Structures are given as structure tokens and as C-alpha cells.
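Here the structure is laid out as C-alpha cells; the discussion comes afterwards.
The values are calculated or read from the model by the stated rules, or taken from the named source; none is laboratory data. Just so you know, these numbers come straight off a predicted model, no measurement behind them. Don't worry about glycine lacking a Cβ; one is built from the backbone with ideal geometry, like all the others, and counts go over all protein chains shown.
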């Protein structure tokens with residue numbers, strides 16, 4: 001079975017995760033795909049197949065003859081889709097031999113993927129492109145990665161002549177809400193290093209990501225009747241606006257790229273009496289990242305002194321760290337990946353991910369784990385798509401890659 005055929009099956013499962021849930025996994029519906037993958041791995045002949053209570057699927061493929069003593073290599077993708085848009089009842093279609101022009105996803109609702117807005121579409125000219133009807137996301141992030149790993153598993157199990165170390169396969173839930181690596185049993189997994197297959201462009205390989213934190217600022221005001229508010233009312237919503245105005249205007253996601261970090265006002269809710277600001281703090285540089293957090297603390301201290309009481313209460317929580325600090329100790333992971341891509345005819349480049357992956361968390365837990373692309377684009381929205389041919393190519397890359405560790 002080709003990777004895209006598996007992918008079309010997997011996207012029939014609604015696996016959207018839910019940030020506000022306190023269950024593990026965050027949504028029970030993710031377990032339906034997990035059960036499907038468990039059954040499929042067993043039918044393929046994988047070893048030690050398990051669906052853990054946490055929703056993680058584990059499996060092993062024994063090393064090829066002569067590679068039994070090599071360290072085990074993990075391949076990981078996540079099963080959930082982003083809460084940003086529905087992943088239920090996905091209506092996918094394949095555009096054969098895509099011509100590089102605008103794509104009408106839904107004529108009735110006038111939903112069009114315009115090349116002027118998504119120039120990446122030009123990289124898919126001549127390929128067979130899987131798209132939606134514009135009412136849901138597609139789920140290439142990351143069911144494409146799941147499908148590509150599963151297709152590799154089938155190939156390796158059916159052809160014992162292909163050299164590879166013992167492979168540890170792991171599919172996780174809840175990556176999209178930052179919990180994908182929370183419950184990994186590293187002893188159960190038993191891998192020395194690994195790769196996540198969770199990027200977009202197939203020619204982009206990543207072993208750097210943001211250092212990340214979240215900041216919550218609760219602002220207390222003083223409510224009063226508007227007719228008698230003079231020298232009494234303190235409007236917490238206006239204090240929130242003042243605080244935000246003190247942050248560097250250019251340090252926002254919409255103004256930054258590459259290695260430039262940012263503060264992102266992710267949510268604001270409030271009244272005169274109480275307002276809550278929620279920020280994301282991001283930077284690739286550890287030094288700059290710590291300075292960003294300190295800047296928020298100093299700004300809160302300044303405003304509290306200005307208003308003469310503790311109007312602002314700040315809580316900062318670190319989310320994940322740059323995997324570069326850990327992967328740099330195992331640069332063979334980088335060299336082997338770039339070489340496997342090159343041997344597959346892909347002129348790849350290493351890029352710094354402007355986000356995070358399960359691999360970042362796992363790297364800091366002792367499992368160095370860079371990230372490979374899947375061949376998809378425009379993830380987390382209605383314009384998400386993926387190429388049939390690029391999925392096939394990614395399976396080839398993975399096969400060449402695992403050979404290098406045998």
C-alpha cells in the first residue's frame with residue numbers, strides 16, 4: 001500500500017485534540033485511530049505492539065541481520081490534528097498533475113487557495129495534490145507522517161534484505177496542544193535517538209526550534225459608577241492596553257522571521273474590574289529568551305510602582321527548549337538525514353523551526369530527535385494540502401536514512 005492510500009484512510013478518523021481537557025489523551029476519539037494503527041502494526045508483523053493507557057502506540061521492528069548490536073532508532077509522528085479547525089468528515093480529493101494555478105476548493109462557499117497568498121503551491125506543479133473541500137483542515141499534520149512511517153514499516157518487514165537497526169515506532173496523541181511527549185515511557189521505548197516526521201516541506205530539515213514559554217498576566221482594576229468615577233475608577237482593560245503598548249511593536253509574530261523571536265498576545269479577556277492577558281514568548285537564543293522573560297517582569301514591576309498597588313500579577317511557565325543544545329552532541333543525526341535527502345534527489349536545507357515539536361521535548365529527556373518534513377503545506381487550516389509523490393519520496397528518504405544506522 002502506498003503512503004497516500006494509508007493517509008486517505010487515516011484522515012477518516014476525527015482526532016482533534018482539546019487544550020481545555022484534563023483527560024489523557026485529551027479526547028477519546030484519538031484512541032480510535034490509535035487502535036487502528038495498533039491492529040495494522042500487528043497484521044504487518046511488527047513486534048511488541050502496544051496501545052498504552054496514555055494513548056501512545058508503541059511497536060518494534062527487529063534489526064536486520066548483522067545490525068543486531070546497533071543502537072535502536074525511534075521514528076515518531078503524532079495522531080492528533082490541531083484544534084484550530086475541524087478535522088471531522090474531511091472530504092478529500094486528488095488534483096492530478098496540478099498546474100500551479102489557483103485551486104477552487106469550494107465553489108458554493110467561494111473558498112479558493114490563491115497562489116498569490118500561498119506561493120508554496122508552485123512547488124507542487126506537475127504532482128498529484130490532495131486537498132479538502134475547504135470546510136475542514138486536511139490532517140497532513142501529522143497523519144501524513146504516520147502514513148509514511150507505516151509504509152516504511154511494511155517495506156522493511158516484507159523485505160528482510162533491507163539493512164536497518166532495530167526500529168522503535170511510536171505514535172503519540174495531543175502533540176498539537178503541547179502534550180505529545182508528556183507520557184512517553186522512555187524505558188519502554190528503548191531507543192538511543194530518533195526522528196520525528198512532523199514538518200511540512202520535504203526539503204526542509206530541522207534540528208533547531210524555539211525556546212518557548214507562556215505568560216499569564218492578571219490585572220486588577222477598581223470598578224465604580226461612571227458618573228462618580230473620577231479619581232476612583234481604575235480600568236483594568238486600559239491597564240492591559242498600556243502594558244501591551246510597552247512591548248516592542250516589531251517583536252510580534254507578524255513582524256518576524258528566521259531567528260527573530262517575539263511576544264505574541266494570544267488572548268485578552270476582561271472587564272473594568274479584571275483583565276487577563278496571555279502571551280507566548282519565543283526565541284531561538286537561550287540568552288535572548290531569558291531576557292524576554294526578564295523584560296516582562298520588569299515591565300510589571302514598573303507599572304505596579306506607577307499605580308501604587310499590585311495591579312499586575314505575572315506568571316511565566318516554560319514550555320519547551322531548543323533541541324539544538326542536545327542534538328549538537330549527536331551531529332551524525334543531522335549528517336545522515338541530509339545525506340539521505342540528497343541521495344533521494346532532494347537538495348535539502350537545515351532550517352530553524354519557528355515552533356516546537358515532540359522531538360524538542362524528547363531531546364531534553366535524553367532522546368535526541370530532529371524533525372523531517374512530510375511533503376505537506378499550509379497546515380492547521382482549510383488550505384492544507386499534500387503531494388502524493390512527495391509522500392512516496394519521504395518513504396524513500398526514511399528507507400535510506402535507517403540504512404545509515406545499520
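Key figures for this structure:
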item	result
Residue list for the range 379-397, restricted to those being touching a strand residue (DSSP E or B) at 6+ places or on another chain (Cβ under 9 Å), surrounded by fewer than 24 Cβ atoms within 10 Å (Cβ to Cβ) and over 27 Å from residue 116 (Cα atoms)	none
Residue check for residue 181: touching a residue at least 60 places away in the same chain (Cβ under 8 Å) and either touching a helix residue (DSSP H, G or I) at 6+ places or on another chain (Cβ under 9 Å) or on the phi > 0 side of the Ramachandran plot (or both)	yes
Residues (in contact with a helix residue (DSSP H, G or I) (Cβ under 8 Å, 6 or more places away or on another chain) and crowded, with 18+ Cβ neighbours inside 10 Å) located in the range 234-246	234, 239, 243
Residue check for residue 305: surrounded by fewer than 14 Cβ atoms within 10 Å (Cβ to Cβ), touching a helix residue (DSSP H, G or I) at 6+ places or on another chain (Cβ under 8 Å) and not assigned by TED's automatic domain parsing to the domain that holds residue 356	no
Residues that are closer than 24 Å to residue 206 by Cα, in a loop (DSSP other than H, G, I, E, B) and either in contact with a strand residue (DSSP E or B) (Cβ under 6 Å, 6 or more places away or on another chain) or touching a residue at least 24 places away in the same chain (Cβ under 8 Å) (or both), drawn from the range 258-291	258, 259, 261, 284, 285
Residues within the range 347-378 that are surrounded by 18 or more Cβ atoms within 10 Å (Cβ to Cβ), under 26 Å from residue 324 (Cβ atoms) and at pLDDT 95 or above, tallied	13
Hits in the range 1-44 (condition: over 24 Å from residue 92 (Cα atoms), in contact with a helix residue (DSSP H, G or I) (Cβ under 9 Å, 6 or more places away or on another chain) and surrounded by 14 or more Cβ atoms within 10 Å (Cβ to Cβ))	21, 25, 26, 41, 44
Members of the range 166-177 that are touching a strand residue (DSSP E or B) at 6+ places or on another chain (Cβ under 6 Å) and either at positive phi or assigned to a strand (DSSP E or B) (or both)	167, 168, 169, 170, 171, 172
Residue list for the range 85-124, restricted to those being within 29 Å of residue 178 (Cβ to Cβ), touching a helix residue (DSSP H, G or I) at 6+ places or on another chain (Cβ under 8 Å) and part of a loop (DSSP other than H, G, I, E, B)	92
Answer from 273, 260, 254, 287 - the residue that is surrounded by 14 or more Cβ atoms within 10 Å (Cβ to Cβ) and under 26 Å from the mean Cα position of the chain (by Cα)	260
Strands (runs of 3 or more DSSP E) enclosed by the range 180-246 - at least 2 residues per element that are within 30 Å of residue 129 (Cβ to Cβ)	193-199, 204-208
Filtered residues of the range 196-218 (kept if under 13 Å from the mean Cα position of the chain (by Cα) and buried (at least 23 other Cβ atoms within 10 Å of the Cβ))	196, 197, 198, 199, 206, 209, 210
The range 318-329, subset over 16 Å from the mean Cα position of the chain (by Cα) and surrounded by fewer than 17 Cβ atoms within 10 Å (Cβ to Cβ), residue farthest from residue 196 (Cα to Cα)	318
Residue in the range 74-92 that is in contact with a strand residue (DSSP E or B) (Cβ under 6 Å, 6 or more places away or on another chain), modelled with pLDDT of 95 or more and either over 19 Å from residue 171 (Cα atoms) or not assigned by TED's automatic domain parsing to the domain that holds residue 132 (or both) present	yes
